[in-house]
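The values are calculated or read from the model by the stated rules, or taken from the named source; none is laboratory data. Remember, it's a predicted structure, so these values are computed and weren't measured experimentally. Cβ: placed from backbone, ideal geometry, glycine included. Neighbour counts: every protein chain shown. SASA here: full protein model, heavy atoms, side chains in, ligands and nucleic acids out. Shrake-Rupley method; radii C 1.70, N 1.55, O 1.52, S 1.80 Å.
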Amino acid sequence: MSRSKTHRVLPGFPLTLGYTLVYLSLVVLIPLSAVFLKSMSLSLEEFWAIISAPRVVSSYKISFGISLLAAAINAVFGLIFAWVLVRYHFPGKRIIDALVDLPFALPTAVAGIALTALYAGNGWLGQWLEPLGLKVAFTPLGILVALTFIGLPFVVRTVQPVLEDLEMELEEAAASLGADRGQTFWRVILPVLTPALLTGFALAFARAVGEYGSVIFIAGNVPMVSEITPLLIITKLEQYDYVGATAIAVVMLVFSFILLFLINGLQIWANRSRVRT
Amino acid sequence: MGAGVVSTWTIHARRFEANAATREPTWLKGVLITIALLFFGLFLLLPLATVFAEAFRKGWAVYFAALVEPDARSAMMLTLLVAAIAVPLNLVFGVTAAWAIAKFNFRGKQLLTTLIDLPFSVSPVIAGLIYVLIFGAQGWFGPWLIEHDVQIIFAVPGLVLATIFVTFPFVARELIPLMEAQGREEEEAAIVLGASGWKTFWYVTLPNIKWGLIYGVVLCNARAMGEFGAVSVVSGHIRGRTNTLPLHVEILYNEYQFAAAFAVASLLALLALLTLVLKSFVEWQGRRSMHHSQEASEVIS
């Protein structure tokens, strides 16, 4: 390592690093700093008044609360999904595996209108659910469905490779020491999967909090009931309230940064525990 | 990822199923597969099927009319144009960044890698907002741009900028771990033997990262063509001028032209399916070439 520091054999370091830093600054860092600079035109009291207004606070509760719930649903079902894909053999498995990434590939607006049509009163699922008193489209429940959809691949794709790397001998050893399958799962397999599972959960959560396209069609967008924070930013922009939009964006950005560093830490932990096993 | 080609994938599952110590009872296996399939049907298959069912609800004539109509055609052209600018720029950036990060040691490398991932954790709405704050009428450069009659927001350049931002990390984050894993011995050998930097990259590095590169570009392109939130903020929704395909879908939907909205949406859904097919193919190729090079190195050693 230190050898290459003293005299590098490979060329192009100053050029590539320089270009990387310039492009990163121009496209990402400087534009993002605009949000913070703009919000500084507000006094602290004004800033606080905007971000703690009742309609804004209720949008946080909806966005963060439902995102958390959707990520939790994905953690449970994503784990089962990854388990079934890695451990069992059944027809159609390869196609199902490929389609897991559909929420990444399908434009969010398409997902939004498709889910709305599916769960509306006359939709394939809505016509069965509504007589049961379960209204999904145009309610907070619709937001949950959309956020579960877009977060689905994260847990599956983070847990799957770890599960594939798991040695069979580990579980054989547990069995030969007298553990039943349940004990082996809870005491041996789950601890190894935990870092990946938490990473997937955090990624799904982060994505859901910022999500816009798939939610707005199905949410109904009633202030205080089903209005998400990203929509509130758009609403303020449409009213030419740039300062208001920016103040709320600062709250979301700070939260995203915290989550990003948390996810980074989780990934380092996940990689370490993978190497150890 | 697990080692090997298609068949080893099945073998892996079969090994666990054949061993009495690592096998679940049949009823439990049945329950788990049923849960997974139900979840799959409910959240993936039904929404996808809905798009096509709704698109053809009023017949083929309405479907095709919605696709050849002038506004739809100009939306298609704009979507292609935006992707044709944004994807190559991020491709060049991805390769450059991966070269610097994977082939050299320097302080702050971890931080730089984290910062490259930043756009993924920013809400698309904020990705649009930042460019409005800079180039909008009331933004930093607003007055100057108006004076010189240059329009960025509510025009094509704004769409391109927002798209570059949301697709920024795709190629880089695919290549960095791949090139780190491959080390630098092969490139160093080429340089020592007298190859130029360019030749080394072209003949040594590029063949090694080919599949990872294509993988990143395929995902980058899918997002570039499908982005909604970020472009929605900077577009201004001017029909025939600043409407990309996803925005066109929204406009049709809000005008209650459901069949037309789903017809255009079905195009985007086909693009998504094509992306998944390409992605699976590239993964398969990548695994195969990894498998081959592993075999080769085992033979040598």
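Open to solvent by 10 Å² or more (accessible area, probe 1.4 Å) and hydroxyl-bearing (Ser, Thr, Tyr): is that true of A:Thr184 in this structure? Here the answer is no, as A:Thr184 does not meet what is asked. Among the residues making up the stretch A:100-114, those that are assigned to a helix (DSSP H, G or I) and within 18 Å of the chain's Cα centre (by Cα) are A:Leu102, A:Pro103, A:Phe104, A:Ala105, A:Thr108, A:Ala109, A:Ala111, A:Gly112.
Any residue in the stretch B:173-192 that is at the interface with chain A (Cβ under 8 Å from one of its Cβ atoms), open to solvent by less than 10 Å² (accessible area, probe 1.4 Å) and assigned to a helix (DSSP H, G or I)? Yes - at least one qualifying residue is present in the stretch B:173-192. Once the stretch B:135-149 is narrowed to residues that are part of a helix (DSSP H, G or I) and surrounded by fewer than 23 Cβ atoms within 10 Å (Cβ to Cβ), the residue that is nearest to the other protein chains (Cβ to nearest Cβ) is B:Gly142.
Taking the options B:Val68, B:Val92, name whichever one is farther than 21 Å from A:Leu260 by Cα, under 23 Å from the mean Cα position of the chain (by Cα) and open to solvent by 50 Å² or more (accessible area, probe 1.4 Å). Lay out the reasoning, then the answer.
Details: B:Val68 fails: under 23 Å from the mean Cα position of the chain (by Cα).
When all the criteria are applied, what remains is B:Val92.
Out of all the residues in the stretch A:220-247, which are of a type in the set (Ser, Thr, Tyr) and either open to solvent by 50 Å² or more (accessible area, probe 1.4 Å) or over 18 Å from B:His237 (Cβ atoms) (or both)?
Kept after step one, since they are of a type in the set (Ser, Thr, Tyr), are these residues of the stretch A:220-247: A:226, A:229, A:235, A:240, A:242, A:246.
Listed by number, the residues that qualify are A:Ser226, A:Thr229, A:Tyr240, A:Tyr242, A:Thr246.
The residue pairs whose first member lies in the stretch B:31-53 and is facing another protein chain (nearest Cβ under 7 Å), whose second member is exposed (fewer than 15 other Cβ atoms within 10 Å of the Cβ) and part of a helix (DSSP H, G or I), and whose beta carbons are closer than 7 Å, counting only pairs six or more residues apart or on different chains, do not exist in this structure.
In this structure, does A:Val156 turn out to be assigned to a helix (DSSP H, G or I), over 30 Å from B:Asn19 (Cβ atoms) and in contact with a Phe, Trp or Tyr (Cβ under 7 Å, 6 or more places away or on another chain)?
On the way: assigned to a helix (DSSP H, G or I): yes; over 30 Å from B:Asn19 (Cβ atoms): no; in contact with a Phe, Trp or Tyr (Cβ under 7 Å, 6 or more places away or on another chain): yes.
In short, no.
Each row is one residue, and each column tells you yes or no for (1) more than 9 Å from chain A (Cβ to nearest Cβ); (2) within 26 Å of A:Gly210 (Cβ to Cβ); (3) among the basic types (Lys, Arg); (4) touching a residue at least 12 places away in the same chain (Cβ under 8 Å).
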position	(1), (2), (3), (4)
B:Ala100	no, no, no, no
B:Lys109	yes, no, yes, no
B:Thr113	no, yes, no, yes
B:Pro124	no, yes, no, yes
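Checking each residue in the stretch A:5-43 for being in contact (Cβ under 8 Å) with a residue 24 or more places away in the chain, within 27 Å of the chain's Cα centre (by Cα) and either surrounded by 18 or more Cβ atoms within 10 Å (Cβ to Cβ) or outside any helix (DSSP H, G or I) (or both) picks out A:Leu32, A:Val35, A:Ser39. Among the residues of the stretch A:223-242, those identified as more than 10 Å from chain B (Cβ to nearest Cβ) and touching a residue at least 24 places away in the same chain (Cβ under 8 Å) are A:Pro223, A:Met224, A:Val225, A:Ser226, A:Glu227.
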